[in-house]
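First the structure, in the form of structure tokens, and then the observations on it.
Since every read-out is calculated from the coordinates, none of them should be taken as a lab result. Fair warning: this is a prediction, and the values are worked out from it, not measured in the lab.
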Amino acid sequence: MTDHHSTAETPVPSKAELLQALRSSRDEVVALISSLPPARLEEGRYEGGWNGRQILAHIASIEWSYPRLIDIARTPPPDESAPPTRTMTGGNDSYNDRQVAKREHLTVAELLAEFEVNRDATIRAVEAADEALFARRIRSAGGVVGPLALVFHQIAVAHVLGHARDIAGNDTRQVAGDTRRHG
């Protein structure tokens with residue numbers, strides 16, 4: 001299985017740093033999205049893809065899955081040379097599309113509430129996990145490979161903040177011709 005995103009050159013956060021990043025990114029997402037006029041969330045954000053509200057539905061829908069990264073780290077890999085992983089039914093795009101469609105009827109406030117409830121569960125799971133697990137190399141269902149703490153940070157913090165900033169139109173990483181819908 002090919003590594004989709006390698007984390008080899010990135011510094012690994014401590015458990016305390018990860019917890020702080022999870023809390024501060026939750027607060028930033030909620031503040032950023034709450035500050036936007038409702039019409040802003042209906043605007044397209046990804047060329048040929050989701051609008052801001054759909055991106056928020058994606059953020060809300062994936063948050064529940066982050067504690068599963070800890071479960072992956074607890075699972076011995078079938079092959080010691082490969083990191084433990086899980087896969088998504090139907091692949092990344094199919095999974096994301098199904099989850100966003102399930103939330104199509106929810107208001108922005110309901111989506112933010114779902115995100116906050118699930119982020120709080122994520123924080124509790126990280127707090128309860130053994131410190132040693134965060135050094136264990138894993139591969140997320142989306143293909144990010146590295147120590148649990150770093151994979152967790154890249155997916156639950158950087159990925160989520162990237163999407164929230166996309167919704168607000170603050171993402172300077174986007175370039176002309178970028179056709180991504182989600183990640």
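Residues whose amide H lies under 5 Å from that of Val144, counting only those 5 or more places away or on a different chain, are His5; hydrogens are built 1.01 Å from N in the peptide plane.
Kirkwood-type hydrodynamic radius, the range 105-172: 13.6 Å, calculated from all non-identical alpha-carbon pairs. The range 112-147 and the range 26-72 have Cα centres lying 17 Å from one another.
Taking the square roots of five times each eigenvalue of the Cα gyration tensor of the range 5-168, the equivalent ellipsoid has semi-axes of 28, 17, 13 Å, listed largest first.
Less than 5 angstrom separates the built amide H of Asn51 from those of Arg45, all sequence-distant by 5 or more or on a different chain. Annotation: amide H-H contacts under 5 Å for Val12 (H modelled 1.01 Å from N, sequence separation of 5 or more, or interchain): none.
Residue-wise HN-Hα couplings along the range 12-18, as the Karplus relation 6.51 cos²θ - 1.76 cosθ + 1.60 with θ = phi - 60° gives them from phi, are 8, x, 6, 4, 4, 5, 4 Hz; Gly and Pro carry x. Diffusion coefficient (Stokes-Einstein, Kirkwood radius over C-alpha pairs, 10 °C, 1.306 mPa s) for the range 26-72: 132 µm²/s, rounded to a whole number. Length gained on full extension, Arg23 to Asp130: 36.6 nm, using 0.36 nm per residue less the C-alpha separation.
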